[in-house]
1. Can you find, among Pro312, Gly288, Pro476, the residue farthest towards the positive end of the dipole of the chain? Put +1 on the C-beta of Lys and Arg, -1 on that of Asp and Glu.
2. Among 110-117, 39-46, 92-99, how do they line up from the highest to the lowest mean number of other beta-carbon atoms within 10 Å?
3. How long is the chain along each principal axis, judged by its Cα atoms, biggest number first, in Å?
4. Apply the a/c threshold of 1.5 to the C-alpha gyration tensor of the range 17-68 and tell me whether it is rounded, prolate or oblate.
5. For the range 325-337, in order, what is each residue's ³J(HN,Hα) by Karplus, 6.51 cos²θ - 1.76 cosθ + 1.60 with θ = phi - 60°, in whole Hz (x at glycine and Pro)?
6. Take each of the peptides 161-171, 287-297, average the number of other beta-carbon atoms within 10 Å over its residues, and list them starting from the highest.
7. Does the range 244-321 come out rounded, prolate or oblate, given a ≥ b ≥ c as the square roots of the eigenvalues of its C-alpha gyration tensor, rounded meaning a/c under 1.5 and, failing that, prolate meaning a/b above b/c?
8. When the helix-only estimate is applied to the chain (DSSP H runs of n ≥ 4, each -39,500 (n - 2.57), divided by the residue count), what is the mean residue ellipticity at 222 nm, nearest 500 deg cm²/dmol?
Amino acid sequence: MDAPLPPPLFPALAAPTDRPALRCGPDVLSYAELARAAGALAAGIAGSGRVAVWAAPTARTAVAVVAALLAGVPAVPLNPRSGERELAHILGDSAPELVLAGPADELPAALAALPRVDVELDGEGSGAVPPPAEADPESTALIVYTSGTTGPPKGVLLSRRAVAASLDALAEAWAWTADDVLVHGLPLFHVHGLVLGVLGPLRRGGEVRHLGGFSAEGVARELASGGTMLFGVPTMYHRLADALPGDPALVKALSGARLLVSGSAALPVRDHERIAAATGRTVVERYGMSETLMNTSVRPGGPPRPGTVGTPLPGVEVRLVEEDGSVLDGSDGETVGEVQVRGPNLFSGYLNRPDATEAAFDGGAAGGWFRTGDMAVREADGTIRLVGRKATDLIKSGGYKIGAGEIENALLDHPGVREAAVTGEPDPDLGERIVAWVVPSDPADPPADAALADHVARLLAPHKRPRVVRLLPSLPRNDLGKVLKKRLPRG
Ligand code: MCA
Ligand code: AMP
């Protein structure tokens with residue numbers, strides 16, 4: 001007898017109706033329309049190797065990724081603002097066979113050699129195309145790039161099983177259903193915006209409204225006209241908190257939402273408090289990672305726990321491990337350990353990096369615990385409070401994870417830079433801002449701050465550009481020549 005087919009990743013696309021699925025600017029698609037558009041594209045790309053998706057913040061990106069998933073073809077979302085070096089690395093590492101893009105998108109030269117397939121929203125003439133059979137749950141759904149402390153970003157292999165498990169655990173924790181209408185303006189090339197923000201509502205059979213880009217006006221408009229949930233990074237909630245006192249429409253819209261969720265970095269308690277005071281609503285924090293998808297969440301309806309990330313999601317095991325390898329079993333709210341995670345939500349490895357994959361697990365990649373690098377304590381009620389990060393060379397700015405080493409390498413390629421060190425500094429809006437400490441090649445004629453920012457934005461990505469440049473005659477180093485970042489003067 002044949003093995004039973006795996007259940008569909010998107011049940012609502014298997015028997016589509018006229019319920020709304022997706023809205024972004026002028027583009028509005030029902031499930032029937034999405035099934036047609038994505039089904040037609042899926043039929044066209046089925047059987048190909050990996051496909052790159054030019055992940056502009058548009059409905060076409062959602063259609064392209066859904067099509068790849070329907071076809072069982074791994075999708076590699078590309079930041080449309082990726083600089084030339086970052087893009088060359090991702091393309092070289094992931095070796096896509098095709099690129100999916102909107103017909104009007106202008107693609108950079110690095111993509112010129114790849115066959116291009118235009119993403120259409122109408123699925124014209126494709127009514128009869130049967131969707132390809134559901135792919136193996138262990139096969140790769142997405143390859144998402146994430147920064148490490150040194151070297152170029154690594155491709156995180158996310159299986160269909162991990163995506164389904166994490167979205168279903170969130171649905172259970174948040175009572176997330178087909179009746180929810182999710183509003184957000186997150187970028188579509190990372191887990192937060194793409195997996196949670198697009199695939200999440202579509203797996204539930206609910207609706208996603210993408211703002212094209214974040215704005216307080218867009219949030220107010222969409223929440224006031226049927227939106228029930230909002231996802232954002234802390235920078236977005238900080239900006240909403242700033243806007244609330246002068247914006248009664250925003251107050252009303254946030255007050256009426258069923259669920260406000262923040263993640264990707266810590267939401268400062270002060271912003272929690274400002275939003276709660278103005279709207280009567282508490283923001284729910286959840287904690288995740290590209291490699292693990294979602295691990296923990298504060299539960300809506302339970303006691304508000306600002307400053308914590310709640311308790312493990314259904315099916316996820318979380319433990320805290322001390323420096324000496326011993327597992328913390330207490331909940332004293334004081335003893336710090338590294339967060340380690342196990343569960344069906346975990347990634348399958350880093351693309352082309354078996355060494356890095358093995359090193360990421362305590363007990364080996366097969367069945368071991370994933371080392372998140374995040375440091376935390378467990379409170380008496382079992383909630384996890386993140387207190388820091390093992391690697392000081394990882395910076396979280398605007399919710400983006402950025403490796404200091406990657407920026408240092410880029411800076412060193414500028415002719416005006418002799419030595420460079422990069423650190424993160426607290427920033428009320430971005431959480432952390434990137435600071436470049438630079439020893440100029442010619443102290444009499446140092447490079448302008450803007451020139452260095454543009455250089456990094458052009459090579460890597462605009463969100464990786466230094467926001468502050470500090471010139472020094474030399475960098476503090478130890479006897480072995482290693483830069484002592486703790487000895488850099490305070491700004
Ligand atoms: C300014 N710009 C420049 C330059 N200077 N461009 C090129 N070169 C320059 N020198 C442009 C920017 O590209 C941008 O353009 C505009 O000026 C403003 O940019 P900026 O100040 O950098 O940022 P912002 O627009 O104020 O962005 C704040 C933000 C953003 C909207 C909060 O940081 C953001 O979207 N963050 C989300 C990160 C995220 O999704 N992380 C999830 C990963 P333009 O406006 O035209 O773009 S973490 C994850 O997935 C895990 C699983 C988790 O737990 O969630
Ligand atoms: P990324 O690798 O970009 O997926 O970022 C994952 C990292 O974001 C985690 O390892 C945490 O350091 C951080 N993070 C995610 N959610 C939260 C949260 N709610 N509070 C604090 N940090 C978070």
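Here, each number is a calculation from the coordinates, and none is a lab measurement. It should be emphasised that the depicted structure is a prediction, and the values quoted were computed from it without experimental measurement. Here the Cβ positions follow ideal geometry from the backbone for every residue, glycine too, while neighbour counts run over all protein chains shown.
1. Pro476
2. The densest-packed peptide leads the list: 39-46, 92-99, 110-117.
3. That gives 69, 55, 54 Å along the principal axes, largest extent first.
4. Values: a/c = 3.41, a/b = 1.40, b/c = 2.44.
In terms of gyration-tensor shape, oblate.
5. With coefficients 6.51, -1.76 and 1.60, one gets x, 7, 8, 6, 9, x, 9, 8, x, 10, 6, 9, x Hz.
6. Those peptides, ordered most packed to least, come out 287-297, 161-171.
7. prolate
8. Counting only the DSSP helices, I get -7500 deg cm²/dmol.
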